[in-house]
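Heads up, the thing below is written out as structure tokens.
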Amino acid sequence: MNEQTAVRSESRAFAGQHILVTGASRGIGWAIAQAFAARGARLSLAGRDAALLEQRRAALNAPGGPDHTAFAADLTDAAAATAMVRHAVAAHGAVDILVNNAGYGASQPFAKMSAEHWNQMLAINLSSVFHVTRAAINDMLPRKSGRIINVASTAGLTGYAYVAAYVAAKHGVVGLTKALAREYATAGITVNAVCPGYVDTDMTAGTIETIVKKTGRSADDARAELAKGNPQGRLIQPEEVADAVLWLAGASAASITGQCIAVAGGEVMS
């Protein structure tokens, strides 16, 4: 296979496959959506911001290419999440690859943590994964085929101060990933997670803004402090996380299941 043929082959690697990406309008989710679209997939984009989702959908649609769709829904609500999946299946058929990327992190000292904050972090980061996966897997099982990829965090592999609820939720995502991988190992369905460190996204920008407000440090200092957690001394780029997702979704990863891959420059090692 020459280089030109290889490029063409890669560009069609997911042709005809239906990929559902949650949290698809920004950051990691948007990078993942673009990567799959560039390789011929039919995309269902899910999130809360209907206007931005529609902009993203329009940006991905190309003449002669797949007609991507977008669905605004509160995925912390079981009925809304199930309805979103049903609409996606009606548009494109059963989900071949589910990427559970929706999530949000916020900090509170544990001793002052409200029940509302705790419940919100678990709902956004863990319960949404449960709701969407439960709805999508029912169409995967009869076909004995499917890939589920959860975007967790290094917070699912280790602990961090002041974000106990977020850490607990992401540990839950890691645990759910491993449990489902075991449960569906003979059903043709693989379940894996990617666990990024601090990624150069809007969410990290919000973290930097919080540090500035609470400490009076400059934004550059706050950003440098976050980057120090990565032994490579930098923030991860969204496209790096998308590349890990693409590999887990591809044919060469058929035997990879129950794995939680840190994309963090060596911050967490297993």
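Give just the number: which of (1) under 20 Å from A152 (Cβ atoms); (2) part of a helix (DSSP H, G or I) does A106 not satisfy? So the condition that A106 fails would be (2). Within the stretch 67-103, no residue satisfies the criterion of being modelled with pLDDT under 95 and either hydrophobic (A, V, I, L, M, F, W, C) or in a helix (DSSP H, G or I) (or both). Scanning the stretch 207-215 turns up one or more residues that are touching a residue at least 40 places away in the same chain (Cβ under 8 Å), over 30 Å from L98 (Cβ atoms) and exposed (fewer than 15 other Cβ atoms within 10 Å of the Cβ).
Among the residues of the stretch 93-105, just one is more than 17 Å from the chain's Cα centre (by Cα) and on the phi < 0 side of the Ramachandran plot, namely A94.
Out of the stretch 163-185, which residues are surrounded by 15 or more Cβ atoms within 10 Å (Cβ to Cβ) and in a loop (DSSP other than H, G, I, E, B)? Across the stretch 163-185, the qualifying residues are V163, Y184. Would it be correct to say that T201 is over 27 Å from V21 (Cα atoms), out of contact with any Phe, Trp or Tyr (no Cβ under 7 Å at 6 or more places or on another chain) and touching a residue at least 60 places away in the same chain (Cβ under 8 Å)? The answer is no for T201.
The values are calculated or read from the model by the stated rules, or taken from the named source; none is laboratory data. In this text the structure is predicted, and so the values were computed from the model without any measurement. Here Cβ is always computed from backbone atoms with ideal geometry, including for glycine, and neighbour counts include all displayed protein chains.
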